[in-house]
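Please read the structure below before turning to the comments.
The values are calculated or read from the model by the stated rules, or taken from the named source; none is laboratory data. Keep in mind the model is a prediction, meaning the values are calculated, not measured. When we count neighbours, we look across all protein chains shown, and the Cβ atoms used for this are built from the backbone with ideal geometry, even at glycine.
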Amino acid sequence: MSPHRTASAAVSAIGHDHAQLSYAYLNSGDIDGYASLFHADAVVRRPDAGIIRGRDELERDRTAASRTRDGHYVVQHVFASGGRVAVTGRFVLDAPRATGDGVEFADIFTVDESGLLLAQSTYFFVPPTGPPTAASAR
């Protein structure tokens with residue numbers, strides 16, 4: 001195996017672990033640990049928070065969110081390849097605010113050459129609106 005492929009596999013493995021660990025840190029309320037997984041110039045895009053630029057802003061945003069958000073992340077799948085990591089899961093509200101099964105999410109991370117998280121884009125599942133399609137009418 002070439003040194004480049006070995007390095008790429010190592011970065012993917014570290015990125016996989018860092019992405020998965022980020023949810024454990026958020027669930028435990030360890031915002032410092034969470035932010036330490038990100039590059040200083042990271043860019044995070046979230047539909048509920050807009051674009052967050054830099055580790056310091058990310059730490060402030062997640063600290064503020066942790067004060068108002070009573071829930072936890074349940075990671076279902078983590079896939080890593082070539083400096084990218086995809087995570088699927090569910091954010092579940094804790095009782096007494098729980099109203100259902102939570103919301104499904106997908107996060108796409110970009111990992112830098114040292115394994116730090118350089119970018120994250122979050123997507124939430126929202127049921128489609130409009131007239132039913134042939135597939136949904138079955």
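Scanning the range 32-58 for residues that are surrounded by 17 or more Cβ atoms within 10 Å (Cβ to Cβ) and either within 14 Å of the chain's Cα centre (by Cα) or modelled with pLDDT under 95 (or both) returns Tyr34, Ala35, Leu37, Phe38, Ala42, Val43, Val44, Arg46, Ile52, Leu58. Is it the case that some residue within the range 77-84 is at pLDDT below 90, under 23 Å from Ser12 (Cβ atoms) and assigned to a loop (DSSP other than H, G, I, E, B)? Yes, the range 77-84 contains at least one residue that is at pLDDT below 90, under 23 Å from Ser12 (Cβ atoms) and assigned to a loop (DSSP other than H, G, I, E, B). Checking each residue in the range 43-72 for being small (Gly, Ala, Ser) and either under 24 Å from Phe125 (Cα atoms) or in contact with a Gly (Cβ under 6 Å, 6 or more places away or on another chain) (or both) picks out Ala49, Gly50, Ala64, Ala65, Ser66, Gly71. Which condition from (1) without any contact (Cβ under 8 Å) to a residue 40 or more places away in the chain; (2) touching a strand residue (DSSP E or B) at 6+ places or on another chain (Cβ under 9 Å); (3) closer than 25 Å to Val92 by Cα; (4) exposed (fewer than 14 other Cβ atoms within 10 Å of the Cβ) is the one that Ala64 breaks? So the condition that Ala64 fails would be (2).
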